[in-house]
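In what follows, a single structure is set out as structure tokens and then discussed.
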Amino acid sequence: MDLEQLISELIGGNLVLILLALLIIFAIATAVRIVPQSEKHVVERFGRLRSVLGPGINLIVPFLDRVAHKISILERQLPTMSQDAITADNVLVTVDTSVFYRITEPEKTVYRIRDVDGAISTTVAGIVRSEIGRMELDQVQSNRSQLIMAIQEQLEAQVDDWGIEVTRAEILDVNLDQATRDAMLQQLNAERARRAAVTEAEGQKRSVELSADAQLYEAEQVAKARRVQADAEAYATQVVAAAIAENGLEAAQYQVALKQVEALTALGGGQGKQTIVVPADAIQAFGDAFKMLKGRG
């Protein structure tokens, strides 16, 4: 065996070893799959579903298995969708919605639906039109939370076969056509005017009630004063009557004479009264009064 033949055999043997080593390295690299935390990988064997690889290090059979789909399991947001709908009271509205979802079972999403975003958008549009068709415009405006809940519940039920979880649904805006807006503005202005008129009428009513209460209070106080005065006069009359009953007619005459003297004294004390004309019976009254005073003294 010459030198050239020996070299040729050595090179041929090393080449086989090198190729075998490369094949082993390639098989190991193909068998080991590292899946990120935010993904799941769908593995096929001869075109059929074999398994779903979760995050971390995974092993597959080289040359037989292959990763056919890499699916992100992060939460996704669909672009804002606008749907026209007609309410139960025949008002055309445009509803802007947004949906958040994430894929939980990639094997269902891959093999049961082609366009996930388009399918969800179509489903949401149908649900929105159906739900708004059962409500009047005022209910749509005031019951957004109820409408959002209904959309999310029905959407979850319909996309369950696609391996999708609906995390949130939002109604961003409810828009009306210009004619409806003008009519609502007129209605709002009329309602404000009505409330202002009612408030003014209630104020006037309250004013009348307070005035009547004040007049009633004044009448009650006048009546109380008169009652007190009447009680005082009645008491005085009782005192006089008791004095007459005790002292007889002489006491009564004494009181009358005393009053006459007091009246004449007040008349004489006035300004510009130098001359006083006294009736004859008044002089007699003075005499009687002095007699009585003397007798009492």
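FYI, it's all coordinate maths here, none of it is from the lab. Quick caveat, the model's predicted, so the values are computed rather than measured. All Cβ positions, even for glycine, are placed from backbone atoms using ideal geometry, and neighbour counts span all protein chains on display.
Subtract the Cα-Cα distance of residue 20 and residue 75 from 0.36 nm times their separation in residues, and report this length gain in nm to one decimal.
Net length gain for the segment: 15.3 nm.
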How would you rank 133-139, 219-225, highest first, on the average number of other Cβ atoms within 10 Å across their residues?
133-139, 219-225
Phi to ³J(HN,Hα) by Karplus 6.51 cos²θ - 1.76 cosθ + 1.60 over the range 36-43, Hz, x for Gly, Pro:
x, 5, 8, 9, 9, 10, 9, 9
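Please give the net charge around residue 162, taking every other residue with its beta carbon less than 14 angstrom from that of residue 162, where Lys and Arg add +1 and Asp and Glu add -1.
Every neighbour counted, the sum reads -3.
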Calculated FRET value between residue 189 and residue 108, using beta carbons and R₀ = 35 Å, to 0.05:
0.05
How far apart, in nm, are two points set 7 Å out from the Cα along the Cα-to-Cβ line at residue 31 and at residue 216?
10.3 nm
Output the relative contact order of the range 1-138, whole-number percent, from Cα pairs under 8 angstrom with separation of 6+ residues.
19 percent
Most packed first (mean Cβ within 10 Å per residue), the peptides 66-74, 116-124 order as 116-124, 66-74
For peptides 100-112, 202-214, 37-49, sequence by mean Cβ density within 10 Å, most packed first
100-112, 37-49, 202-214
